[in-house]
1. Looking at segment B:1-22, can you tell me whether even one residue there is more than 14 Å from chain A (Cβ to nearest Cβ), within 27 Å of B:HIS191 (Cα to Cα) and of a type outside the set (A, V, I, L, M)?
2. Can you tell me how many residues in segment B:38-65 are away from every other protein chain (no Cβ under 14 Å) and loosely packed, with under 14 Cβ neighbours inside 10 Å?
3. Here is a list: A:PRO108, A:PRO120. Which entry is more than 19 Å from A:HIS43 (Cα to Cα) and of a type outside the set (S, T, N, Q)?
4. Consider segment A:10-53. How many of its residues are in contact with an Asp or Glu (Cβ under 7 Å, 6 or more places away or on another chain) and among the charged types (D, E, K, R)?
5. Within the bounds of segment A:116-133, is there any residue that is buried (at least 20 other Cβ atoms within 10 Å of the Cβ), of a type in the set (S, T, N, Q) and either within 14 Å of chain B (Cβ to nearest Cβ) or assigned to a loop (DSSP other than H, G, I, E, B) (or both)?
6. Conditions: (1) more than 15 Å from B:LEU162 (Cβ to Cβ); (2) more than 14 Å from chain A (Cβ to nearest Cβ); (3) modelled with pLDDT of 95 or more. B:GLY106 meets all but one. Number of the miss?
7. What number of residues within segment B:86-110 are assigned to a loop (DSSP other than H, G, I, E, B) and either under 30 Å from A:GLY107 (Cβ atoms) or among the basic types (Lys, Arg) (or both)?
8. Can you tell me which residues in segment A:213-240 are surrounded by fewer than 18 Cβ atoms within 10 Å (Cβ to Cβ) and either more than 9 Å from chain B (Cβ to nearest Cβ) or hydrophobic (A, V, I, L, M, F, W, C) (or both)?
Amino acid sequence: MERLTPVLQRAPGRWQVANVTAIKRETPRVKSFRFELPMWMPHMPGQHYDVRLTAPDGYVAQRSYSVASSPIDKGQIELTIDRLEDGEVSPYFHDVVMEGDQVELRGPFTSYFVWRGEAPVLLIGGGSGVVPLMAILRHRRRVMPDLAMRLVYSVRSADDLIYADELGDEAVVTFTREPPHGWMGHTGRIDQALISEAGIDSGIVFICGSNPFVDAASDLALGAGFRANQIRTERFGPTG
Amino acid sequence: MSGSDFISRAFRGRRRTPEEFADRLPPGQYYEPGYPVLTAGPTPRIAPEEWGFRIDGMVGREREWTWDEFHELPFETVPCDIHCVTKWSKLGTNFGGVSMDTLLEGVEPQGDFTVQFSYGGYTTNLPLADLTGGKAWVVTEHEGQPLAREHGGPARMLVPHLYFWKSAKWVAGVRIMDHDEPGFWEMNGYHNYGDPWKEQRYWSD
């Protein structure tokens, strides 16, 4: 049937030009960017978008970044980007992109490391690996705050703590190198005691971080009695 | 995927690709001198003495090799480039293993499709034609060293002409099928075939 007015196709995977509406500095190395999307569709918490930068001579660089926001934020997504010194895309976001800029992106993609409302949920994040976990946590706060979910979050120092002002009772934080002055909480790498303290021993586990972190955390989750098919992992490779 | 009309304000790029590799980088990929690890789920532990490789399914004759039997087969060094769908490419690297052509000798496949299956449950599908004709190997070495566990050791598939998720780590075997059946990532959003030169990353590509 022919339509009188053209339909805006909202298919995942089509490149679109998004507007940067807000930028928040999370840590000295990490910023969150909020985008308004002309062809927005709700993502599943844990999914990612690809961004594409194009130079005047046609040179292109692409990277994938996890969505940090809840799909309840209609028309928008937030990407949290760690600045890698020798990177190509993340320094552009940190040093060049301003509110009002336009950025080309497409998504949301893949459906393995995603939360579909299963419970209970144990989230284990290392460093910027907390980003897709934050999408899960934020979504739970907005739509089902009574659902059992805890976040175990490992960072090096106070300067590396992303979303510091949002980490409430559901988060257990440990500092592996330099805790903030007067810190009374956990220090050192995540261990079995920290996993036990989170108090989630059934359901599903999401683990995200560097490769060694994910391996260590997976072993701890297996040690805590979770089966391999209850554990979903995302390993942050070098993504400049 | 065609290029863009959109120009990113004040973006020039750092072009870290060495000159000699410039034409070996598929669209949207970047040159990665290291060897990153990307795996869905915990990393399986399989001792070589527990490892075996089998070819089954729609075949005239099933085959199975133990670790020792596998190492009596003709061993090849495979120089290649590998391309991960997460955008990094590792160029000019060497694996060592046995060609799928060798492993398929006498198997008499009765179907045109395959599924690689792994210790740990991972699967990935391909037309049989992509595993034959000198295009695929079961490898146990990388740069002359035993393949590290995080890279799929003791043995993984190597299908370098496709995105690297089409090369199953901790590979346990290949099933010959008379129909195409999407594997793990193919069911979870990645392209059914995965040609990096056509930038077939996701379902919609």
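1. Step one: of segment B:1-22, the residues more than 14 Å from chain A (Cβ to nearest Cβ) are B:18-21.
From what is left, the residues that are within 27 Å of B:HIS191 (Cα to Cα) are B:21.
Remaining after also requiring of a type outside the set (A, V, I, L, M): B:21.
There is at least one residue in segment B:1-22 that is more than 14 Å from chain A (Cβ to nearest Cβ), within 27 Å of B:HIS191 (Cα to Cα) and of a type outside the set (A, V, I, L, M).
2. From segment B:38-65, those away from every other protein chain (no Cβ under 14 Å) are B:47-65; that's our starting set.
Applying the additional criterion that residues be loosely packed, with under 14 Cβ neighbours inside 10 Å yields B:47, B:49-50, B:60-62, B:64.
Residues in segment B:38-65 being away from every other protein chain (no Cβ under 14 Å) and loosely packed, with under 14 Cβ neighbours inside 10 Å: 7 in total.
3. Details: A:PRO108 fails: more than 19 Å from A:HIS43 (Cα to Cα).
Selected residue: A:PRO120, the only one of A:PRO108, A:PRO120 that is more than 19 Å from A:HIS43 (Cα to Cα) and of a type outside the set (S, T, N, Q).
4. Qualifying residue count, segment A:10-53: 3.
5. Initial filter on segment A:116-133 (buried (at least 20 other Cβ atoms within 10 Å of the Cβ)): A:121-133.
Retained after the next criterion (residues that are of a type in the set (S, T, N, Q)): A:128.
If we keep only those that are either within 14 Å of chain B (Cβ to nearest Cβ) or assigned to a loop (DSSP other than H, G, I, E, B) (or both) as well, we get none.
No, every residue in segment A:116-133 fails to be buried (at least 20 other Cβ atoms within 10 Å of the Cβ), of a type in the set (S, T, N, Q) and either within 14 Å of chain B (Cβ to nearest Cβ) or assigned to a loop (DSSP other than H, G, I, E, B) (or both).
6. (3)
7. Within segment B:86-110, the first condition is being assigned to a loop (DSSP other than H, G, I, E, B), and the residues that meet it are B:86-87, B:105-108, B:110.
Subset that is either under 30 Å from A:GLY107 (Cβ atoms) or among the basic types (Lys, Arg) (or both): B:86-87.
Looking only at that region, the number is 2.
8. Of everything in segment A:213-240, those that are surrounded by fewer than 18 Cβ atoms within 10 Å (Cβ to Cβ) and either more than 9 Å from chain B (Cβ to nearest Cβ) or hydrophobic (A, V, I, L, M, F, W, C) (or both) turn out to be A:LEU222, A:GLY223, A:ALA224, A:GLY225, A:ARG227, A:ALA228, A:GLN230.
The values are calculated or read from the model by the stated rules, or taken from the named source; none is laboratory data. Computed from a predicted structure; not experimentally measured. Neighbour counts are summed over all protein chains in view; Cβ atoms, including those assigned to glycine, are modelled from backbone coordinates with ideal geometry.
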